[in-house]
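The values are calculated or read from the model by the stated rules, or taken from the named source; none is laboratory data. Since we're looking at a predicted model, the values are computed, not measured. Neighbour counts run over all protein chains shown; Cβ positions are idealised from the backbone, glycine included.
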Amino acid sequence: MKSTNNLLRLDGIDKKILRHLMEDARKPILEIARDIGISGAAIHQRLRKLEAAGVISGSKFIINPKVLGYTTMAYIGIFLDRAMSNPKAVAALKKIPEVLECHYTTGNWSILIKVLCKDNEHLMQVLNKNIQQIEGVSRTETFISLNQQINRQISI
């Protein structure tokens, strides 16, 4: 791992380690070490360096929302009455558990959010009772995802 011009360059071993962990974050370090051909201690040392550099930030379990009854994924473009409303709107959106992501955007919307709801009726309630009631929100535009076709991380 080298740093040049504020860009981090990963060597081949770092990339192999990351690919293994992106495939399965619970894969044993010794299994990765055997596959790559270096010691487990070397893997641990490289992982600490990658964490310190901000390349990786922990691991997480992925929950299947459909099993829990959440079947409606939607993207909502939010129009704000003025740019000064952005921080307040984002603070209010953070309090809505169905909001999974929130992005400032270019183009027509001020903010684009990703929400997960149990069904269309639940989505309508979240829109009407939560999102559209936020001070500064002038209107919204909603796109329901019918089926996610690609779900991946950046290729390393």
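Among the residues of the stretch 120-153, those that are of a type in the set (A, V, I, L, M, F, W, C) and either exposed (fewer than 13 other Cβ atoms within 10 Å of the Cβ) or touching a residue at least 24 places away in the same chain (Cβ under 8 Å) (or both) comprise LEU123, VAL126, LEU127, ILE131, ILE134, VAL137, PHE143, ILE144, LEU146, ILE150. On inspection, LEU80 qualifies as closer than 30 Å to GLU121 by Cα, over 20 Å from the mean Cα position of the chain (by Cα) and assigned by TED's automatic domain parsing to the domain that holds LYS114.
Rundown of residues vs (1) out of contact with any Cys (no Cβ under 6 Å at 6 or more places or on another chain); (2) loosely packed, with under 11 Cβ neighbours inside 10 Å; (3) on the phi < 0 side of the Ramachandran plot; (4) not basic (Lys, Arg), yes/no style:
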| residue | (1), (2), (3), (4) |
| --- | --- |
| ILE43 | yes, no, yes, yes |
| LYS60 | yes, yes, yes, no |
| GLY77 | yes, no, yes, yes |
| SER85 | yes, no, yes, yes |
| LYS118 | yes, no, yes, no |
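Only strands (runs of 3 or more DSSP E) whose full extent lies in the stretch 72-122 are considered here, and the ones with at least 1 residues that are modelled with pLDDT of 95 or more and hydroxyl-bearing (Ser, Thr, Tyr) are 72-80. Residues in the stretch 8-26 that are touching a residue at least 24 places away in the same chain (Cβ under 8 Å) and within 18 Å of ILE38 (Cβ to Cβ) were compared, and the one that is surrounded by the most Cβ atoms within 10 Å (Cβ to Cβ) is ILE17.
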